[in-house]
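Data block below; observations after.
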Ligand code: PRP
Ligand code: URA
(Lines give C-alpha, C1' and ligand atoms only; values in the text may rest on other atoms or scores of the structure.)
(Ligands and ions follow the chains in the order given, each with its own letter.)
Protein backbone atom coordinates (compact mmCIF):
# COMPACT_ATOMS: atom_id res chain seq x y z
CA UNK A 1 0.00 0.00 0.00
CA UNK A 2 1.42 3.40 -0.90
CA UNK A 3 1.81 6.02 1.80
CA UNK A 4 -0.54 8.93 1.14
CA UNK A 5 -0.58 10.20 4.71
CA UNK A 6 1.23 13.49 5.47
CA UNK A 7 1.71 12.56 9.16
CA UNK A 8 2.95 8.99 8.60
CA UNK A 9 6.50 7.92 7.92
CA UNK A 10 6.94 4.26 6.92
CA UNK A 11 10.34 2.86 7.90
CA UNK A 12 11.05 0.71 4.86
CA UNK A 13 13.81 -1.79 5.68
CA UNK A 14 14.37 -5.43 4.61
CA UNK A 15 15.04 -6.65 8.18
CA UNK A 16 11.86 -4.95 9.35
CA UNK A 17 9.89 -6.59 6.50
CA UNK A 18 11.27 -10.02 7.46
CA UNK A 19 10.46 -9.57 11.14
CA UNK A 20 6.97 -8.16 10.55
CA UNK A 21 6.35 -11.39 8.63
CA UNK A 22 7.43 -13.39 11.70
CA UNK A 23 4.96 -11.36 13.80
CA UNK A 24 2.12 -11.89 11.34
CA UNK A 25 2.62 -15.66 11.25
CA UNK A 26 -0.06 -17.23 13.48
CA UNK A 27 2.32 -20.08 14.40
CA UNK A 28 4.94 -17.74 15.96
CA UNK A 29 5.24 -18.40 19.70
CA UNK A 30 5.70 -15.61 22.31
CA UNK A 31 9.50 -15.99 22.71
CA UNK A 32 10.08 -15.64 18.95
CA UNK A 33 7.44 -12.90 18.78
CA UNK A 34 9.22 -10.86 21.47
CA UNK A 35 12.60 -11.31 19.77
CA UNK A 36 11.18 -10.05 16.45
CA UNK A 37 9.53 -7.05 18.18
CA UNK A 38 12.90 -6.20 19.74
CA UNK A 39 14.77 -6.38 16.42
CA UNK A 40 12.23 -4.12 14.72
CA UNK A 41 12.37 -1.73 17.68
CA UNK A 42 16.16 -1.52 17.34
CA UNK A 43 15.81 -0.42 13.72
CA UNK A 44 12.95 1.99 14.45
CA UNK A 45 15.06 3.54 17.22
CA UNK A 46 18.05 3.99 14.90
CA UNK A 47 15.89 5.55 12.17
CA UNK A 48 13.94 7.84 14.49
CA UNK A 49 17.03 8.96 16.40
CA UNK A 50 18.62 10.24 13.17
CA UNK A 51 16.74 13.51 13.77
CA UNK A 52 17.81 13.99 17.39
CA UNK A 53 19.87 17.07 18.15
CA UNK A 54 23.31 16.87 19.78
CA UNK A 55 25.37 19.36 21.76
CA UNK A 56 29.15 19.44 21.93
CA UNK A 57 31.36 19.13 25.00
CA UNK A 58 35.05 18.54 25.65
CA UNK A 59 36.11 14.92 26.20
CA UNK A 60 39.56 13.71 27.16
CA UNK A 61 40.87 10.69 25.27
CA UNK A 62 43.96 8.84 26.64
CA UNK A 63 45.98 11.09 24.27
CA UNK A 64 44.38 14.54 24.15
CA UNK A 65 41.26 16.62 24.49
CA UNK A 66 38.70 16.58 21.68
CA UNK A 67 35.07 17.40 20.93
CA UNK A 68 32.48 14.95 22.22
CA UNK A 69 28.71 14.86 21.70
CA UNK A 70 25.68 14.24 23.84
CA UNK A 71 21.97 14.28 23.07
CA UNK A 72 20.66 17.81 23.49
CA UNK A 73 17.17 16.90 24.67
CA UNK A 74 16.21 14.55 27.43
CA UNK A 75 14.49 11.57 25.79
CA UNK A 76 11.50 9.94 27.46
CA UNK A 77 10.07 6.71 26.09
CA UNK A 78 6.42 6.21 26.96
CA UNK A 79 5.14 2.72 26.17
CA UNK A 80 1.38 2.21 26.26
CA UNK A 81 0.74 -0.78 28.56
CA UNK A 82 0.70 -3.60 28.00
CA UNK A 83 1.87 -4.30 24.48
CA UNK A 84 4.14 -1.23 24.28
CA UNK A 85 6.37 -2.83 26.92
CA UNK A 86 7.64 -5.30 24.33
CA UNK A 87 9.27 -2.48 22.34
CA UNK A 88 11.05 -0.75 25.23
CA UNK A 89 14.21 -2.85 25.50
CA UNK A 90 14.89 -2.51 21.75
CA UNK A 91 14.65 1.29 22.05
CA UNK A 92 16.76 1.42 25.24
CA UNK A 93 19.56 -0.54 23.57
CA UNK A 94 19.91 2.28 21.03
CA UNK A 95 19.05 5.21 23.35
CA UNK A 96 20.33 4.00 26.75
CA UNK A 97 20.12 7.48 28.33
CA UNK A 98 16.36 7.63 27.81
CA UNK A 99 13.99 7.67 30.77
CA UNK A 100 10.83 5.59 30.66
CA UNK A 101 7.29 6.66 31.61
CA UNK A 102 4.22 4.43 31.44
CA UNK A 103 0.61 4.93 30.42
CA UNK A 104 -1.84 2.11 31.05
CA UNK A 105 -4.73 2.01 28.57
CA UNK A 106 -7.00 -0.85 27.68
CA UNK A 107 -9.53 -0.86 24.86
CA UNK A 108 -13.02 -1.75 25.93
CA UNK A 109 -13.70 -4.64 23.55
CA UNK A 110 -17.33 -3.54 22.96
CA UNK A 111 -17.02 0.22 22.57
CA UNK A 112 -13.34 0.08 21.39
CA UNK A 113 -12.79 3.15 23.61
CA UNK A 114 -9.56 3.25 25.66
CA UNK A 115 -9.80 3.26 29.47
CA UNK A 116 -6.86 4.64 31.48
CA UNK A 117 -5.67 2.56 34.44
CA UNK A 118 -2.11 3.82 35.04
CA UNK A 119 -0.02 6.96 34.50
CA UNK A 120 3.55 7.55 35.69
CA UNK A 121 6.09 9.67 33.85
CA UNK A 122 9.26 11.59 34.82
CA UNK A 123 8.59 14.99 36.43
CA UNK A 124 10.38 17.03 33.75
CA UNK A 125 8.52 15.37 30.87
CA UNK A 126 7.23 18.77 29.67
CA UNK A 127 10.74 19.78 28.56
CA UNK A 128 11.68 16.38 27.09
CA UNK A 129 11.40 14.85 23.65
CA UNK A 130 8.82 12.11 24.08
CA UNK A 131 8.61 8.92 22.02
CA UNK A 132 5.18 7.39 22.57
CA UNK A 133 5.37 3.66 21.83
CA UNK A 134 2.60 1.19 21.02
CA UNK A 135 2.85 -1.70 18.52
CA UNK A 136 -0.68 -1.26 17.15
CA UNK A 137 -2.39 1.85 15.76
CA UNK A 138 -5.89 0.55 14.98
CA UNK A 139 -8.82 2.96 15.52
CA UNK A 140 -6.27 5.40 16.97
CA UNK A 141 -8.35 5.79 20.14
CA UNK A 142 -5.59 4.63 22.50
CA UNK A 143 -2.83 6.66 20.83
CA UNK A 144 -5.01 9.77 20.63
CA UNK A 145 -5.95 9.47 24.31
CA UNK A 146 -2.30 8.88 25.33
CA UNK A 147 -1.28 11.99 23.36
CA UNK A 148 -4.04 13.96 25.15
CA UNK A 149 -2.67 12.89 28.54
CA UNK A 150 0.87 13.86 27.59
CA UNK A 151 -0.17 17.23 26.15
CA UNK A 152 -2.14 17.97 29.36
CA UNK A 153 1.17 17.47 31.22
CA UNK A 154 2.81 20.08 29.01
CA UNK A 155 4.49 17.80 26.45
CA UNK A 156 4.85 19.55 23.09
CA UNK A 157 7.81 17.68 21.57
CA UNK A 158 6.26 14.33 20.78
CA UNK A 159 6.31 11.58 18.18
CA UNK A 160 4.38 8.31 18.05
CA UNK A 161 5.91 5.06 16.88
CA UNK A 162 4.25 1.71 16.18
CA UNK A 163 4.82 -1.59 14.44
CA UNK A 164 1.59 -1.83 12.43
CA UNK A 165 -0.64 1.10 11.52
CA UNK A 166 -4.13 1.11 9.99
CA UNK A 167 -5.29 4.00 7.78
CA UNK A 168 -8.19 4.69 10.16
CA UNK A 169 -5.80 5.26 13.09
CA UNK A 170 -3.43 7.45 11.08
CA UNK A 171 -6.38 9.59 9.95
CA UNK A 172 -7.64 9.93 13.50
CA UNK A 173 -4.28 11.09 14.82
CA UNK A 174 -4.06 13.62 11.98
CA UNK A 175 -7.55 14.91 12.77
CA UNK A 176 -6.93 15.33 16.51
CA UNK A 177 -3.14 15.85 16.66
CA UNK A 178 -1.87 17.05 13.29
CA UNK A 179 1.39 18.15 14.99
CA UNK A 180 2.33 14.56 15.93
CA UNK A 181 4.39 12.60 13.42
CA UNK A 182 3.90 8.82 13.29
CA UNK A 183 6.73 6.37 12.49
CA UNK A 184 5.57 2.86 11.61
CA UNK A 185 7.13 -0.44 10.52
CA UNK A 186 4.11 -1.49 8.40
CA UNK A 187 1.07 0.17 6.87
CA UNK A 188 -1.86 -2.26 6.71
CA UNK A 189 -5.10 -2.27 4.75
CA UNK A 190 -8.04 -1.69 7.09
CA UNK A 191 -9.83 -2.62 10.30
CA UNK A 192 -12.34 -5.43 10.61
CA UNK A 193 -15.72 -5.01 12.33
CA UNK A 194 -14.09 -5.75 15.72
CA UNK A 195 -11.43 -3.07 15.29
CA UNK A 196 -8.61 -5.51 14.49
CA UNK A 197 -6.05 -4.56 11.88
CA UNK A 198 -6.10 -6.54 8.58
CA UNK A 199 -3.93 -8.36 7.70
CA UNK A 200 -2.35 -7.39 11.04
CA UNK A 201 -0.87 -9.74 13.59
CA UNK A 202 -3.76 -10.26 16.00
CA UNK A 203 -3.73 -8.97 19.57
CA UNK A 204 -0.20 -7.69 20.16
CA UNK A 205 -0.44 -7.82 23.97
CA UNK A 206 -1.69 -11.40 24.00
CA UNK A 207 0.91 -12.54 21.49
CA UNK A 208 3.73 -10.82 23.39
CA UNK A 209 2.79 -12.22 26.77
CA UNK A 210 1.20 -15.54 25.80
CA UNK A 211 -2.24 -14.66 27.17
CA UNK A 212 -4.23 -15.94 24.21
C1 LIG B 1 -3.92 -2.69 21.87
C2 LIG B 1 -2.70 -1.98 21.36
C3 LIG B 1 -3.11 -0.54 21.45
C4 LIG B 1 -4.57 -0.60 21.13
C5 LIG B 1 -4.75 -0.15 19.69
O6 LIG B 1 -3.97 -2.66 23.26
O7 LIG B 1 -1.53 -2.28 22.08
O8 LIG B 1 -2.89 0.05 22.71
O9 LIG B 1 -4.99 -1.96 21.27
O10 LIG B 1 -6.10 -0.08 19.37
P11 LIG B 1 -6.82 1.30 19.06
O12 LIG B 1 -5.92 2.04 18.10
O13 LIG B 1 -8.11 0.88 18.44
O14 LIG B 1 -7.01 2.05 20.35
P15 LIG B 1 -5.13 -3.36 24.11
O16 LIG B 1 -6.20 -2.36 24.43
O17 LIG B 1 -5.56 -4.62 23.44
O18 LIG B 1 -4.40 -3.64 25.49
P19 LIG B 1 -3.17 -4.61 25.83
O20 LIG B 1 -1.93 -3.94 25.31
O21 LIG B 1 -3.20 -4.66 27.32
O22 LIG B 1 -3.41 -5.96 25.19
N1 URA C 1 -4.94 -4.04 19.07
C2 URA C 1 -4.21 -5.13 18.74
O3 URA C 1 -3.45 -5.65 19.55
N4 URA C 1 -4.36 -5.64 17.49
C5 URA C 1 -5.19 -5.10 16.58
O6 URA C 1 -5.26 -5.60 15.45
C7 URA C 1 -5.94 -3.96 16.94
C8 URA C 1 -5.80 -3.45 18.19
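The values are calculated or read from the model by the stated rules, or taken from the named source; none is laboratory data. Here the structure is a predicted model, which means the values were calculated and not measured. All Cβ positions, even for glycine, are placed from backbone atoms using ideal geometry, and neighbour counts span all protein chains on display.
Results for (1) farther than 15 Å from residue 23 by Cα; (2) more than 12 Å from ligand 1 (Cβ to nearest atom), shown as yes or no for each residue.
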| residue | (1), (2) |
| --- | --- |
| 140 | yes, no |
| 152 | yes, yes |
| 155 | yes, yes |
| 160 | yes, no |
| 195 | yes, no |
| 203 | no, no |
| 209 | no, no |
Quiz prompt | region 153-212, residues that are touching a helix residue (DSSP H, G or I) at 6+ places or on another chain (Cβ under 9 Å), more than 11 Å from ligand 2 (Cβ to nearest atom) and in a helix (DSSP H, G or I) | solution = 172, 173, 175, 176, 209
Quiz prompt | The one condition in (1) within 14 Å of ligand 2 (Cβ to nearest atom); (2) part of a helix (DSSP H, G or I); (3) touching a residue at least 40 places away in the same chain (Cβ under 8 Å); (4) surrounded by fewer than 22 Cβ atoms within 10 Å (Cβ to Cβ) that residue 146 fails to fulfil | solution = (4)
Quiz prompt | Some residue of region 128-139 being without any contact (Cβ under 8 Å) to a residue 12 or more places away in the chain and over 25 Å from residue 53 (Cβ atoms) | solution = no
Quiz item: Among all residue pairs at least 6 apart or on different chains, which show Cβ distances below 6 Å where the first residue, located in region 106-120, is within 16 Å of residue 147 (Cβ to Cβ) and the second is near ligand 2 (Cβ under 10 Å from one of its atoms) and at pLDDT 90 or above?
Solution: 113/141; 114/141; 114/142
Quiz prompt | Flag if residue 62 is out of contact with any helix residue (DSSP H, G or I) (no Cβ under 7 Å at 6 or more places or on another chain) and over 14 Å from residue 161 (Cβ atoms) | solution = yes
